[in-house]
Each structure stands twice: as structure tokens, then as C-alpha cells.
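Just so it is clear, none of the values below were taken in a lab; they were calculated from the coordinates. Being a predicted model, the structure only gives us computed values, none of them experimental. Heads up, the Cβs are rebuilt from the backbone with ideal geometry, glycines too, and the neighbour counts pull from every protein chain shown.
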Amino acid sequence: MLSTRINNRFSDAEMQIVRETDLPELLTHLGYQVRQIGRYHTTAEMDSLRIKERRTWFRYSQNIGGDAITFLQQFHGKNFPEAVEYLLNFQGKARDSPVKTMPFEKRDEPPKAFTLPPRNEDDRRVFAYLRKRGIAPQVIRQFMNSGLLYEDAIHHNCVFVGRDSIGQAKYAGLRGTYDRDGKGFRGDVTGSDKNVGFSIPHDPRLDEVRVFEAPIDLMSYLTLHRHTSNALALCGLYEEALKNYLQAHPKIRRIVLCLDADAPGRETTRRLKEEYVEQGYAVTVEEPRSGKDWNEYLQKRRSPERGR
């Protein structure tokens, strides 16, 4: 009976208006940093989010999706009538209703300064977590010794540190060390600059860079291959990181795209290849032989000790 009352509260015309909500406009109004990638839109706050045809969304990291109503339900804690009321108001079609909702306020606070999380006295949990993911001990130590990886003291997350061309930390990605079926905590430190991405120390003698989605994929590739070129992780599919890397290292003329073997990864690969070939780069593509990414392939290989 309650469900019927809720469904009857809104007319078909009102529901049509709500379901036609322009999601990039809505998310911008809510304070998200929306950007366009080819035919999709995404946000800096949720880089696995894909908005298609401006009306539907899907977040690949959580395998969920929907329309504007479900977005407000999923990420802003609204029930169905509250979400519909808010969207009607957003569309300029406000109506009298017993449902009382507070309007969302834009995030107009000044951005917080970027600060790396405090380091734990040891990196034991991070080391054990990455070993469980199949990463070779030598590779883990290489990243820790280079100041690119450590364990935070409060939550014991992996901290992947992105440094600019002069070695200054500008970005930090977090990955929980309690990871059930690859669905553990992921996030960025407040104030992180995703234009920097995550890269290994640059070797100026080489004219090639390999490009991955995630730091763990980059580490997985290094585990599988004893020798490799320069390498960059986009920390999602944030393409500006590659653009800035190439600007900082103009001697790079060859790009190997090693993004995930899923729909968003392949679409980004296609677009980046086309873009950088037009700019005169030699661009090739390398996908894992099985699985959707390099870490999944590494674990299927069941040979984590290779590369020691």
C-alpha cells in the first residue's frame, strides 16, 4: 500500500521530466568536478563513473548504475520521493508535497591543501597485501625505496605517491589493505592533483613510456617483466596525466597503452591511440592475455615470484 501511494504521488509527466535530467548539469550543480572524455562524462571525485548520453550513469568500481533518481539515492542518501522532489525543483518544476527535503548546497568551500598521510612505523601490512596480490618483493621494495609507496599510520592503507617532474609529491592514491575480492577501499588524498598521475622515476635515456590505469597494474607488469621502459599510471582514466607527462619529458616518442581490457579501458585506448598518432607518436597497444587487467592476469599466472 505504501509503495502504491508513493508511485501515485507523481504524475507520468513529472516522472518523465525527472528521468530526462541532464546528469552532467546536475552533478556540476551538486559541486562535482565534471569532465568529458570522448563520448562519456565522469567526475574527478569518482573516476570510474561513466555518464552516457547525459541521462544514465554507471560506476564500474562498484558495478552499479541508473538514472538521476538512483544517483541521488545511492550517493546522497535520499529515498525515492525525496530524490524526485529534488529533481523537480532542480528542473524548475517544484510542486507542493508532504515530502520535506533540504536543497543540496554547492561545495563552495576553498579546496584543502594537499598533505600526505602520516607514515606508519613500518610497512608490514602494505607489503603483505601486495604480496597477496602477486607483486614480487623486489618490486614492492623498489617502490618503497623510491618514496612512491608506504603504509599510512591511521588506516594502514597503501599510499601511492605521485610526484611531478622535480620530485615533489602532488598526488596520493589510497588502497585499503583489507581487500575482499578486489573490492576494498579506494580513494585519493584530499587536494591530490590527478594531472600528475603516478609514475616510476623517469629514465631520460629511453624514448618510450608504458601507460596503465592503476599503480597496482603497473607493479604487476613490472613483476611479470624484468625490464621495462618508463611507466605511468593514470590513476583511473585521467588522460591529463599522460598529456602532462609527455610535456615534462619531450624526448618520449613512443607510447605503449596497457590499459584495462574492459569497455572503458578499450574505448580510452582507441581514443588515445588516435589522438597521439596524429601528434606524431608511435603508439602500440598491449593487453593482458587473460583477465581484465594486469593484476588479474598476474594472479592467474600463479607465478608471483617471477621478477625477483
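The angle between the Cα long axis of helix 80-90 and the longest principal axis of the Cα atoms of the chain comes to about 90 degrees, rounded to the nearest 10.
Any of LYS170/LYS251; LYS52/LYS273; LYS132/LYS170; LYS78/LYS170; LYS194/LYS300; LYS251/LYS292 with alpha carbons more than 25 Å apart? Name them for me.
Among LYS170/LYS251; LYS52/LYS273; LYS132/LYS170; LYS78/LYS170; LYS194/LYS300; LYS251/LYS292, the Cα-Cα distance tops 25 Å for LYS132/LYS170; LYS78/LYS170; LYS194/LYS300; LYS251/LYS292.
Length gained on full extension, ASP262 to GLN279: 3.6 nm, using 0.36 nm per residue less the C-alpha separation.
When only alpha carbons are used to place a centre, the stretch 147-168 and the stretch 19-38 end up 30 Å from one another. Across all directions, the average projected area of the convex hull around the alpha carbons of the chain is 18.6 nm².
Rounded to two decimals, the Cα radius of gyration of the stretch 156-308 over 2.2 N^0.38 Å is 1.01. Computed from label points 7 Å out along Cα-Cβ, the spacing between ARG124 and GLN74 is 3.8 nm.
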